[in-house]
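Below: one structure, written as structure tokens.
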Amino acid sequence: MELNTLLLPMGIIPSLFVLYFIVGRYEGRFREKLVFLAFIVGFVIGAIIYAIEGMIVYPIVSEAPYIDIILFFSFIFSFLEQIAKFATLNHPKMREEGVPIYGGTFGLGFSSVFAPLLFGKSIEITLENIPLMTIPFAVILINCSTGILIGVGIKRVMKMKYFVLSLLISFLMWISLLVAIIYSISWNTLLSMTFSIYLLLFSIIIFAVTYKEQLPFGMLSRREIRQRML
């Protein structure tokens, strides 16, 4: 069974669902026009970056590289993606009360094109590697979380702290992602399955912590913070 026919729904539909989930409790604290803009900009930038990364990943996964190669490109990809989020969210139009929401939205638009541009070309779904189908969902949750974190850092004037945290999360994601795909191709399905499941669990935990702790903190106004301190 080819994965290609499932790729677009595996990106767009979960991204829109998560977007609806994160904005629901903050109605009135962001501008809907900017949410739409952040998603579209994320989609376009994600398409460009994943196309570039894809040209690098396809040769890598076919050669079963050493761990140092995986670590190197995991860092490069992570840095490139977080810089794209950081630069976009630092634009004057985005730097307002709702910037953590815009960050999460950007991350969702960004990752909605992951599956068709980087994931599907090298993978054929069989019974043994069905866990790989969870990878696009994990990527969506991680990119949403790192977008929120970078937005929180910008709003709270702690840019470097949250950028480095986002970079570390994305780096760990890419290591697991590359290992899972590489070993699915080399038919070490047990290892591929292990890393696929780990990546999904990791992404759920990161998203849950970000949504429950960091996003509420990031969406507080200065007045609300002062009131809590009294």
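Rounded to whole numbers, the Karplus 3J(HN,Hα) couplings from phi for segment 84-98 are 4, 5, 4, 5, 5, 6, 7, 5, x, 5, 8, 7, 9, 4, x Hz, using 6.51 cos²θ - 1.76 cosθ + 1.60 with θ = phi - 60°, and x at Gly and Pro.
Packing-based ranking of 48-58, 23-33, 136-146 yields 136-146, 48-58, 23-33, ordered from highest to lowest mean Cβ neighbour count within 10 Å. A simple spin-label model places pseudo-atoms 7 Å from Cα toward Cβ; at residue 95 and residue 17 they are separated by 3.7 nm. Assuming R0 = 35 Å, what is the FRET efficiency of residue 67 and residue 159, from their Cβ-Cβ distance, to the nearest 0.05? Result of the calculation: an efficiency of 0.65. Of the peptides 36-45, 71-80, the order by per-residue mean of other Cβ atoms within 10 Å, starting with the highest, comes out as 36-45, 71-80. Under a straight-distance cross-link criterion of Cα-Cα below 24 Å, which lysines are reachable from residue 93, leaving out those fewer than 8 residues away in the same chain? In chain and number order, the partners are 33, 85, 155, 159, 161.
Dividing the Cα radius of gyration of segment 13-229 by its Kirkwood radius returns 0.99 for Rg/Rh.
Between the beta carbons of residue 51 and residue 217, assuming R0 = 22 Å, the FRET efficiency works out to 0.05 to the nearest 0.05.
Along its three principal directions, the equivalent ellipsoid of segment 47-97 from the Cα gyration tensor extends over semi-axes of 30, 12, 5 Å, largest first.
Rule-based calculations on the coordinates, nothing more; no lab input. Predicted, not measured: the structure shown is a model, and the values here were computed from it. Using ideal geometry, Cβ is built from the backbone for each residue, glycine included, and neighbour counts are taken over all protein chains shown.
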